[in-house]
Each structure stands twice: as C-alpha cells, then as structure tokens.
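**Student:** Following this message is one structure expressed as structure tokens.
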Amino acid sequence: MQSNTAENRRLAEILEGLPTTRVLVVGDLILDRYADGKASRVSPEAPVLVFDFASERYLLGGACNVAANLRGLGASASVLGVIGDDEAGGRLRALLANADIDTQALVVDRTRPTTRKTRYVAKTLQVLRVDEESRVPVGGDAERAMIALLQQRPFPWKSVLLSDYGKGVLTPRIIEAAIAAARSQEGITVVDPKGTDYSIYRGVDLLTPNREEAEGATGIKIRQTEDLHRIAQRLREITGIRTAVITLGKDGIFFEKEDGSHRIIPTEARQVFDVTGAGDTVIAALTYCRACGVSLEDSLRLANHAAGITVAKLGTWAPSRREILTRLGETPADGAGKILSLEQAVEVSNRLRAEGRRLVFSNGCFDILHPGHCDYLQKARAYGDALMVGVNTDASVRRQNKAPGRPINTLESRCLVLAALQAVDYVVAFDDDTPKNLIEAVTPHVLAKGEDWRDKGVVGREWVEAHGGQVLLVPLVPGCSTTNVIEKIQKLGR
C-alpha cells in the first residue's frame, strides 16, 4: 500500500494537471445575508432577545456557493437559475460577477423574490434566521427561458451540476433538458439531491445524497454496512445511475459500483469547526474532477481533501486549488498555505473582499507563544471569517528595543507555530518597524489589538476606519506575557 506522502503527491499531480473545464451549475440561487451584532439582553416587551445590529455582509449561498467552489478549484463556472427583479437579485448578480462566475444565463422572474437567508449572528453564535423565498415550482416564461438556454446546440458547457435546495427551480422538465444538454457534449450530469422523490433525477450520471437524504429517498435506515449496499441497489433502481455515492459525514464517503465493488473513503478533516457548505465543496470537486476524466475514486479523494479545508472554517468556504495542494504537502513551505508572501496576502485579501467575507488582521512578535496569545487570537478570529497575523521579522524585533537576545525564536519558527493554531488562517511577515504598510496593502475589515494598546495609539487605525473598517481592542488574559515567561525561565536557571 502506498504511503500517505506518495498518495498525496499523486493526487497533487492530478489536481495540478486539471484543465479549465466549463461547468454549468443549474439550481437554486441563494443570497446569504449575515447581520452581525450583540444579543446580550432580553426585551422588556416579550421574552425574546434584543439584537443590537452592528453591520451586515453578503455571501453566495445555495447553487452560487457551489459555483464559487468550482471557481476556487480552477474550473470555469456559470450559473443558470432564477432571481427576482429586486435589490437582492442585483446584489447577488454583483457578488457572482466579483467572484468571476459567469452570470449570462441568469433568468429574472418578476413573479417571485430572490431567495435570501438572513442570519443574525452574535459573535459566532447564530440567534435567528429569516428566510425570504418562494418554493413554488418555476413555470411559465421563467421555465421556458431556462429550458431554451439548456437546448442551445452546440451546448457551450462540458458538464452540468444540478444543485437542488428545494426552492422550485429544478423542475422535471429542466432536469430532463439539463441531462440532454450534457449528453450532447459527451459530458456528465451530477446532482446534489433534495426531497425524497429521486425518480425526477433519472438519467443523471452521479448523485451525492448524505446519510439522511439517502435514508429518506429509499426508506432504508443505515444501521450497518449491509444497509449501505441495499441503499446503493435501490438508488440504482430509482435513478438508473451505475455508481451510488453516499456522503457519511465524519465517516467518509461510500461508493458502490454496479458490479458490487465498493469502498468507504475515510474523511480527511483534521479539524472540524463548522460543517456548513461541506456538501457544496464535495459535489463541486467531484463534478470538476470527473468532468476532466479523473477516476471516481481519485475524484472522491480530492473532494474529501477539499471538504476537509471547508469544515475547518467558520461558515461556507470555497477552497482554492492552492489550498488543497498545500494540504497535500505539494507546495513550497515559504510561500504557501497559511504562511504567505506580501503578494499572496494581498491576493487573499482581495479574494475575501470579492466574496463578501470579513478579514481580521492583528500583528505582533509572538516570540514565545503562551496561553494569552492563544486566547487573544481566538477572540480576534471571532470578529470575522478569516484571521491574518502580521509577524515582525527578526531584524524588526531587534529594532523595537527588545531585551538583548530577542527574538529568542527565529521568524520561521514563530510563523510555523502561529500557522499551527486553528484560530489563525494566514501568517505574513513584515520587516518595517510597524505594520502600517502591510495593513494598507491588505486593508482588513477589522484591525484587532490587545486592550493594552488603548492609550498607545493603534497603528493603522486611520487607514482601516477611513476604508469602512473597525478597530477592536481585545481583552487580555491577566499575567500572561512573553516577558513573564522569560523571567520565570531565568529564575529557574539560577
């Protein structure tokens, strides 16, 4: 059996060689709105929380998030779906364009609203969700317009991904037209299913229900491995697929071919912070790889690695090809993964901003990491979607009038230790005396410093606030400092 290193290297070579294949995502387009604030008191009018609104942000949801995952992997993604003639529809169109997702196939239906989900979030806790939507099946002019786009010949896309969120867009006629369209290009049709009637998907090449969805569609409860085989057989009977795929969460992904051969591919999640959007990542990676001719098993393994990145993030996340290659250990340590060059830091910042995500920035020497640092960074991370930490180079530390012999740990060591923390998403070094130039280059949404900087003047405050961001002073753990750690070590050595 190949070692993990050899196996990862092989998968990395496959991923690096994938071409920019055109994939059409057909399904329910959703605008995700996050309202951030505080919910620390109860209303005197009724036994409900009072939400103190602070800010809002918009992200791609539903089939739009699937398309974003395709783009992150390197595919050329387009979306076909319905939006309303409203403010939410315009915002969704703009977000898609900013994420470099083709919107020419969008259909406007003036009879229904753009699907919008608003989540009220206090720190990282969701206290309420409000849905604005219509679940009535699409019909009339909107359905005819979608079918006309799918009946183009030659069909402009190689393969089709059906993303069903049960909002009424994937009608039987639209599904039938999508399958025929993919076949006209000798491409594949993959569906992320919804509901319990899978007969509407008959003719697709792959579908990826999770454990609960597979049980609901077949009426078979999964209590042992034998039940998976029974479900696979039933799914083949209902839909005509040759290979059944069932995602099993922490237990991995099960697949069984029509000859009875099967396997469970173990999960590749190293840390699980939030499972939101993991299914979107799996189906995007699976579709892209299969559209490029990668074997089913290798496609599922790469999808597992991609999902392992998504579940380590807060909220939905579209992992990039570079992130997956880093996870596989196939990119240089000095310019990949969490440890970035200045150019890569700016690229990450621009990407997050285009996706409507909040970047939190903090900085320091982090010479000897202690519990105070960990607590501070975890609190800072809670104010956004990603935390970037600027780290003084060794020369920069020495110029800060630190005690003789500082830094004790080299820049490389300090960056590696920070990068190992779950709360830290990115690390970037700076050689200036202050992080001013770095802050102006990445322009974070949130600039976080310890509350001990209250009277010192936070470097970068003016720039961040002038660009619509905020500066936050994070409470510190009393008695925790690098100086105290060093003094304690010195006393022990006497």
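**Student:** Under 5 Å between amide hydrogens, which residues at least 5 positions from L472 or on another chain qualify, with H placed 1.01 Å from N in the peptide plane?
**Tutor:** L447, A448, K449
**Student:** Let me ask something else. How long are the three semi-axes of the equivalent ellipsoid for region 1-139, computed from the Cα gyration tensor as the root of 5 times each eigenvalue, in whole Å, largest first? Don't jump to the answer; show the numbers that get you there.
**Tutor:** Details: eigenvalues 244, 118, 28 Å².
Taking √(5λ) for each Cα gyration eigenvalue gives 35, 24, 12 Å.
**Student:** What list of ³J(HN,Hα) couplings, whole Hz, do you get for region 51-60 from phi and the Karplus terms 6.51, -1.76, 1.60, once you set θ to phi - 60° and write x for glycine and proline?
**Tutor:** 9, 8, 5, 10, 7, 9, 8, 10, 10, 7
**Student:** Next up: Once you mark the GluC sites (Glu not before Pro) that are in a DSSP loop and have at most 13 other Cβ atoms within 10 Å, what is the longest gap between them in the chain? All intermediate terms of the calculation are to be shown ahead of the outcome.
**Tutor:** Numbers: sites that count: E45, E186, E258.
Excluding the exposed sites themselves, the longest stretch runs over 259-494.
**Student:** Which peptide among 95-103, 161-169 comes first, and what is the full order, when sorted by highest mean count of other Cβ atoms within 10 Å? Could the numbers behind the result be given before it?
**Tutor:** Values: 95-103: 18.2, 161-169: 24.2.
Taking the mean over residues of other Cβ atoms within 10 Å, the ranking is 161-169, 95-103.
**Student:** Under the 0.36 nm per residue contour assumption, what length would be gained going from the current alpha-carbon distance of S341 and R135 to full extension? Spell out each step's value before the answer.
**Tutor:** Values: separation 206, 0.36 × 206 = 74.16 nm, distance 4.62 nm.
Full extension from S341 to R135 adds 69.5 nm.
**Student:** Rounded to the nearest 0.05, what FRET efficiency do A46 and E87 give with R0 = 35 Å and r taken as the Cβ-Cβ distance? Could you check?
**Tutor:** On the way: r = 30 Å, r/R0 = 0.84.
Calculated value: 0.75.
**Student:** Extending each Cα 7 Å along its Cβ direction at S55 and E258, get the distance between those two points in nm, one decimal.
**Tutor:** According to this spin-label approximation, the distance is 5.4 nm.
**Student:** Hey, what do the phi angles of region 113-123 turn into as Karplus ³J(HN,Hα) couplings, whole Hz, using 6.51/-1.76/1.60 and θ = phi - 60°, x for Gly and Pro?
**Tutor:** Here the 3J(HN,Hα) series is x, 5, 5, 9, 10, 9, 10, 8, 10, 9, 6 Hz.
**Student:** Here is a further query. Taking the alpha-carbon centroid of each part, what is the distance from region 34-79 to region 413-433 in angstrom?
**Tutor:** 28 Å
**Student:** While we're here: Using 0.36 nm per residue, how much length does the chain from S184 to N4 gain when fully extended, once their Cα-Cα distance is taken away?
**Tutor:** Values: separation 180, 0.36 × 180 = 64.80 nm, distance 3.90 nm.
Separation in residues times 0.36 nm, less the Cα-Cα distance, equals 60.9 nm.
**Student:** Let's test the formula: R0 of 35 Å, r as the Cβ-Cβ distance of L128 and C374. What FRET efficiency results, to the nearest 0.05?
**Tutor:** Numbers: r = 31 Å, r/R0 = 0.87.
Between L128 and C374 the formula returns 0.70.
**Student:** Can I ask one more? So which aspartates and glutamates pass the test for K379, namely a Cα distance under 16 Å, with those fewer than 8 places away in the same chain ruled out?
**Tutor:** Once the sequence-local aspartates and glutamates are set aside, what remains near K379 is D36, D425, E451, D452.
**Student:** Here's something else I'd like to know. With r as the distance between the Cβ atoms of E237 and T434 and R0 = 60 Å, compute the FRET efficiency 1/(1 + (r/R0)^6) and round to 0.05.
**Tutor:** 0.35
**Student:** Find the lysine pairs in region 4-327 meeting two conditions, Cα atoms under 22 Å apart and a separation of 8 or more places or different chains, and report how many there are.
**Tutor:** Count of close lysine pairs: 13.
**Student:** In the P(r) worked out for region 127-230, what percent of Cα pairs fall beyond 17 Å? Show your work: numbers first, answer last.
**Tutor:** Values: 3196 of 5356 pairs.
Taking all Cα-Cα pairs of region 127-230, the fraction more than 17 Å apart is 60 percent.
**Student:** Just the Kirkwood number for region 339-493, please: inverse of mean 1/r across all distinct Cα pairs, in Å, one decimal.
**Tutor:** Details: mean 1/r = 0.0631 Å⁻¹.
Evaluated on region 339-493, it is 15.9 Å.
**Student:** Under a straight-distance cross-link criterion of Cα-Cα below 19 Å, which aspartates and glutamates are reachable from K488, leaving out those fewer than 8 residues away in the same chain?
**Tutor:** Of all the aspartates and glutamates, those that pass the test against K488 - Cα under 19 Å, at least 8 places apart if same chain - are D367.
**Student:** Say each of T171 and E212 gets a label point 7 Å from the Cα, pointing the same way as Cα to Cβ; how far apart are those two points in nm?
**Tutor:** Distance between label points: 2.9 nm.
**Student:** What label, among (1) 86, 59, 56; (2) 120, 54, 44; (3) 77, 62, 45, belongs to Cα extents along the principal axes in Å computed from the structure on display?
**Tutor:** Of the labelled values, this structure produces (3).
**Student:** Considering the zone a paramagnetic label at T111 would reach in this model (a point 7 Å from Cα along the Cα-to-Cβ line), which residues of region 142-162 have amide N under 15 Å from it?
**Tutor:** Backbone N within reach: 142-147.
Read the figures in this text as sums done on the coordinates, not as results from a lab. Keep in mind that this is a model prediction, so the values were computed, not measured. Heads up, the Cβs are rebuilt from the backbone with ideal geometry, glycines too, and the neighbour counts pull from every protein chain shown.
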